Amino acid sequence: MGAVGKLFRLSRDDRWLLLQALVAVAAAGVTVRLLSPAAVLKKVSGKAITQSRNSLQSSVRIAWAISIAARYVPGSKCLVQAIAGRQLLAKYGFPSEIHIGVVKDSRNWLSAHAWVEAEGKTVIGGDITAYVPLLGAHQEYRP
């Protein structure tokens, strides 16, 4: 079954969530591409305004929607997904933090990764155990 067929088999709420995730991922991609690295870090380290809890979606379902949307927006790497995820989590009332960490890869080069934590767990960004956190929302970036 194709992507369109799968889309129509989803509930109306999930289709709406996917549309919101697609818009959030696209907007985050534009943000990362147009703003300077310092401006992106400032945006990432700032606090997201959280709306009142909307019980229609869980943080896990929001993370699912972000990961699906990122497949269809070119260049949607971890930082783009983290920015979009935090925005959508805040919209649905989930306080969250973006973290950025590094790890040395097999060539002894530093590799960076961004992830989002909400409700005491990593909801966007996968397995982060190897990464050493450099920046979290509790640490505001100041150039």
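Where a number appears in this text, it was derived from the coordinates with a stated rule and is not lab data. Every value quoted in this text rests on a predicted model; they were computed, and no experiment measured them. FYI the Cβ positions are ideal-geometry reconstructions off the backbone, even for glycines, and counts take in every protein chain you see.
Descriptive notes on the structure:
- Simple rule: put +1 on each Lys or Arg Cβ and -1 on each Asp or Glu Cβ in region 3-135, find the dipole, and look at LEU17, ILE98, SER52; the Cα lying farthest toward the positive end is LEU17.
- Ranked by how many other Cβ atoms sit within 10 Å of their own Cβ, fewest first, the residues GLU97, GLU119 fall in the order GLU119, GLU97.
- The dipole here belongs to region 3-135: it is taken about the Cα centre, uses +1 on the Cβ of Lys and Arg and -1 on the Cβ of Asp and Glu, and is about 300 debye.
- Between helix 12-34 and the chain: long-axis angle, C-alpha atoms, 0 to 90°, nearest 10: 30 degrees
- Considering only SER76, LEU134, VAL123, and ranking their Cα positions along the charge dipole of region 3-135 that arises from unit charges at the beta-carbon of Lys, Arg, Asp and Glu, the one farthest toward the positive end is SER76.
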